[in-house]
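Novice: I am attaching a structure below and will ask some questions about it afterwards.
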Amino acid sequence: MQRSYQVIYETLFNHYGPQNWWPADTPFEMMIGSILVQNTNWRNAEKALTKLSPFLEPEMIDRLPIEELAELIRSSGFFNIKAKRIKAFIDWFKTYHYDIEEIKKMNRQGLRRELLSIKGVGKETADVMLLYAFDKPIFVADAYVRRIFHRLGYDIPTSYDGLRERVEERLPNDLVLYNEFHALLVEHAKQFCRTKPICDGCPLFDSCDQRLD
DNA sequence: ATCCGGAGTA
DNA sequence: TACTCCGGAT
């Protein structure tokens, strides 16, 4: 039986409580983190972020030789590619003089298009940046989210934007809501709805078709 | 030894 | 659609 997205949100919120993801530390750290976490879990990305922490200023990363950058972020995996991607992102950021407030003045669509033009920033990474660094309400429709909704029994669009728009059509356009909802879904995917799901004690058990693929 | 991980590009 | 990249967990 398919419940509304709103009910799923409320159930997760009641179980896990507010996640308070944003200003994790700084918007800049969030942007770098969104690249480091590609094809990895947050644990590995966080290790890289810790090693990188003495250099977590746009100017410092800009000056850092790409080989040194790659070595610092080794623990996140795919470090050569990610070093290149971080550099490409910094190059774009520099054209706005590293001024986040200035970038925030852009509308959601326009900023999304710009982010997508950066080599190494795809839809998911762009949306994480939009939501958690640039305060734009957007639903991040990543692999965790897709897995959870699929198992719940939702008939979901196959494309990334299809799923994103489907959810956005059914929820109020609210920054805090999208911020919390995605954080809750990630937490749920880590605690219960893993690759190999742990259905015992799952807060969504009653709303779930329990398809174990 | 194998598989997974909040993908991205051509 | 296929190809890519690499550390950590099991």
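The values are calculated or read from the model by the stated rules, or taken from the named source; none is laboratory data. Bear in mind that the values here come from a model prediction, so they are computed numbers and not experimental data. Here the Cβ positions follow ideal geometry from the backbone for every residue, glycine too, while neighbour counts run over all protein chains shown. With ligands, DNA and RNA removed, areas are computed over all heavy atoms of the protein, side chains included. Shrake-Rupley method; radii C 1.70, N 1.55, O 1.52, S 1.80 Å.
Novice: Could you tell me the accessible area of A:TYR154 in Å² (1.4 Å probe, neighbours in place), rounded to the nearest ten?
Specialist: 10 Å²
Novice: For A:PHE28, what accessible surface area do you get with a 1.4 Å probe? Give it in Å², rounded to 10.
Specialist: We get 20 Å² for A:PHE28.
Novice: Can you give the accessible area of A:ASP91, probe radius 1.4 Å, in Å² rounded to 10?
Specialist: Rounded to the nearest 10, the figure is 90 Å².
Novice: Restricting the calculation to Cα positions, tell me the Rg (one decimal) and the Dmax (whole number) of region A:124-213 in Å.
Specialist: 13.1, 37
Novice: Just in region A:82-144: which trypsin sites (Lys or Arg not before Pro) are loop by DSSP and have at most 16 other Cβ atoms within 10 Å?
Specialist: A:LYS105, A:LYS119
Novice: Which value, in debye to the nearest 20, gives the size of the charge dipole of chain A about its Cα centre, when Lys and Arg are +1 and Asp and Glu are -1 at the Cβ?
Specialist: Charge dipole of chain A: 620 debye, to the nearest 20.
Novice: Now, a different point. Amide H to amide H, which residues 5 or more places from A:LYS136 or on other chains are under 5 Å from it, using H placed in the peptide plane?
Specialist: HN-HN under 5 Å from A:LYS136: A:LEU131.
Novice: From the protein chains alone at 1.4 Å, what is the descending order of accessible area for A:HIS15, A:HIS150, largest first?
Specialist: In descending accessible area the options line up as A:HIS15, A:HIS150.
Novice: In whole Å, largest first, what are the principal axis extents of the Cα atoms in chain A?
Specialist: 54, 35, 30
Novice: Here is a further query. May I ask you to rank A:GLU57, A:GLU180 by accessible area, largest first, using a 1.4 Å probe over the protein chains only?
Specialist: Accessible-area ranking of A:GLU57, A:GLU180, largest first: A:GLU57, A:GLU180.
Novice: A further question follows. Lysine pairs in chain A with Cα distance under 22 Å, only those 8 or more apart or on different chains: how many are there?
Specialist: 29
Novice: Which listed residue (A:ILE90, A:LEU69, A:SER53) has the Cα farthest towards the positive end of the charge dipole for chain A, taking +1 on Lys and Arg C-beta and -1 on Asp and Glu C-beta about the Cα centre?
Specialist: The one lying farthest along the dipole's positive direction is A:LEU69.
Novice: Rank A:THR158, A:THR26, A:THR95 by accessible area, highest first, at a 1.4 Å probe radius?
Specialist: A:THR158, A:THR95, A:THR26
Novice: If one takes the longest principal axis of the Cα atoms in chain A, at what angle in degrees, from 0 to 90 and to the nearest 10, does the Cα axis of helix A:79-94 lie?
Specialist: So the helix axis and the longest Cα principal axis differ by about 70 degrees.
Novice: Further, regarding this structure: Relative to the longest principal Cα axis of chain A, at what angle does helix A:175-191 sit, 0 to 90 degrees, rounded to 10?
Specialist: So the helix axis and the longest Cα principal axis differ by about 80 degrees.
Novice: Another question, then. Checking a compactness column here: for region A:27-132, what do you get for Rg(Cα) / (2.2 N^0.38 Å), N being the number of residues?
Specialist: For region A:27-132, the normalised Cα radius of gyration is 0.99.
Novice: Additional query: Using the alpha-carbon atoms, what tilt in degrees (0 to 90, nearest 10) does helix A:123-132 show relative to the longest principal axis of chain A?
Specialist: On a 0 to 90 degree scale, this one is about 90.
Novice: Considering only protein heavy atoms and a probe of 1.4 Å, how much of the accessible area of chain A is carbon and sulfur, as a whole percent?
Specialist: In chain A, the share of accessible area belonging to carbon and sulfur is 51 percent.
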